[in-house]
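The values are calculated or read from the model by the stated rules, or taken from the named source; none is laboratory data. Just so it is clear, the model here is predicted, and its values are computed rather than measured. Note that we place each Cβ from the backbone using ideal geometry, even for glycine, and neighbour counts take in every protein chain shown. Ligands, DNA and RNA are excluded from the accessible area calculation, which covers all protein heavy atoms including side chains. Shrake-Rupley method; radii C 1.70, N 1.55, O 1.52, S 1.80 Å.
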Amino acid sequence: MLRLVSLKLGRLYRYVKLAVLGSLAAALVLNTHSLLASLQRNELSERRFLQLNKCPACWGTSWCRKFLNGQLRLESWGRLRLFDFFNVKNVYFARYGEPREGSRRVVLKRLGSAQELADIDTKICRRATGRGRCDLLQALHATEFASLNGDVRLLTPDAVEGWSDLVHCPSQRLLDRLVRRYAETKDSGSFLLRNLKDSERMQLLITLAFNPEPLVLQSFPSDEGWPFAKYLGACGRMVAVNYVGEELWSYFNAPWEKRVDLAWQLMEIAEQLTNNDFEFALYLLDVSFDNFAVGPRDGKVIIVDAENVLVADKRLIRQNKPENWDVWYESKFDDCDKEACLSFSKEILCARVTVDHNYYAICQNLLSRHATWRGTSGGLLHDPPAEIAKDGRLEALLDECANPKKRYGRFQAAKELREYLAQLNNNMR
């Protein structure tokens with residue numbers, strides 16, 4: 001009986017798949033002329049496609065000249081709007097060319113789905129007029145995004161606290177860093193908010209409120225060794241970042257030696273974001289296989305989705321000494337039987353100096369047997385060689401890192417796991 005049901009479901013799946021493919025084929029035939037036109041047209045040089053008309057309710061304008069001059073072109077199927085239905089995250093691959101330098105691949109992001117971007121307009125209108133639809137540019141000047149005008153000297157914590165994960169608990173030191181490194185202004189390098197133009201201030205604040213990923217990439221740049229994709233620029237509601245490589249998921253069944261190296265790098269990223277000379281702890285609140293990518297040449301692991309990053313200023317925590325600030329905080333294991341589950345308290349992340357959240361996130365969601373993604377389980381370090389499986393040390397460290405049995409066990413397990421993976425890495429070279 002069960003076999004009969006599975007066979008019927010299998011046939012149903014094939015029929016549905018064929019129906020979808022047939023519909024796409026029919027749409028392609030019926031729209032051949034418009035499809036050919038869209039392949040020839042460069043939409044990245046069109047103001048409407050870039051939503052440049054939304055500015056300053058946008059992400060920036062620093063790369064508009066490159067876009068409008070036709071230096072960026074969408075790759076292959078990205079030019080066909082027919083496939084936007086499947087591109088829910090609004091992420092595009094494009095070629096960017098500079099005179100005499102050839103072209104290179106870049107990633108373009110709208111920083112939200114079509115619905116999320118429409119919600120931004122609605123929220124701005126409601127905040128200004130109480131209605132869902134309005135003259136967006138006129139309404140913008142009646143919101144908090146315009147209230148921080150040219151007379152305001154600094155961007156302060158009380159003005160933006162809680163707007164997004166990035167500023168869930170901001171310090172003045174963090175906000176000065178965000179303003180000083182803001183790349184969508186010609187006067188970058190100053191932490192004074194009043195040195196920005198009105199439009200630049202509004203763009204900064206809207207980005208901070210709705211999707212702060214560009215600000216994370218700008219404030220903690222790859223050029224200084226931070227493990228994030230390189231920010232390039234923006235035009236309207238389109239942001240350009242450097243193409244890193246294939247997603248980490250593509251390496252799930254790579255040779256064991258490769259997976260060990262990637263796992264070691266992931267644990268090093270967890271350590272760097274937790275403990276660094278700048279005394280900023282960057283906690284990854286969304287950790288999954290598609291949030292990381294691997295460079296094809298150097299094999300380096302890079303974070304390619306930084307929307308959900310909470311930054312805690314350890315220096316401020318030590319200064320203010322909130323309750324239990326010096327008590328080590330252990331994240332609780334979350335056995336939710338779903339993909340990319342994490343259990344955490346933002347308030348505690350903001351109030352403790354010693355936190356194991358990043359080790360927990362990497363071990364549970366990427367490395368250990370508890371990691372599940374796209375219907376598979378076992379984590380990146382699945383099926384180790386017989387001698388390593390027999391030794392049992394790797395499995396024990398991964399289990400303790402994901403779901404510790406001893407108090408503060410994750411801290412010690414994470415340290416030993418980094419050392420063990422480094423040792424395996426060196427032995428295989």
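Convex hull volume per residue, computed on the Cα atoms of the range 113-155, equals 77 Å³. When only Cα pairs below 8 angstrom with a gap of at least 6 residues are kept, the chain shows a relative contact order of 13 percent.
Here is the list for the range 140-188: trypsin sites (Lys or Arg not before Pro) lying in DSSP coil, each with at most 14 other C-beta atoms within 10 angstrom of its C-beta, are 153, 186. When the helices of the chain are scored as -39500 (n - 2.57) per DSSP H run of n ≥ 4 and the total is divided over every residue, the value at 222 nm lands at -12000 deg cm²/dmol.
Using the 1.4 Å probe convention, the accessible area of the range 246-428 works out to 46 Å² per residue with neighbouring protein chains retained. Taking trypsin sites (Lys or Arg not before Pro) across the range 298-402, the ones in a DSSP loop with at most 12 further Cβ atoms lying within 10 angstrom of their Cβ are 332, 338, 374. Dividing the Cα radius of gyration of the range 246-428 by its Kirkwood radius returns 0.96 for Rg/Rh. Pairs spanning more than 32 Å between alpha-carbon atoms, out of 54/300; 54/332; 109/186; 109/346; 230/406: 54/300; 54/332; 230/406.
Using C-alpha pairs below 8 Å separated by at least 6 residues, the relative contact order for the range 246-428 is 23 percent. The rule of thumb for compact globular proteins, 2.2 N^0.38 Å, goes into the C-alpha radius of gyration of the chain 1.08 times. For the range 208-298, the list of trypsin sites (Lys or Arg not before Pro) that fall in a loop by DSSP and count at most 11 other C-beta atoms within 10 angstrom reads 297.
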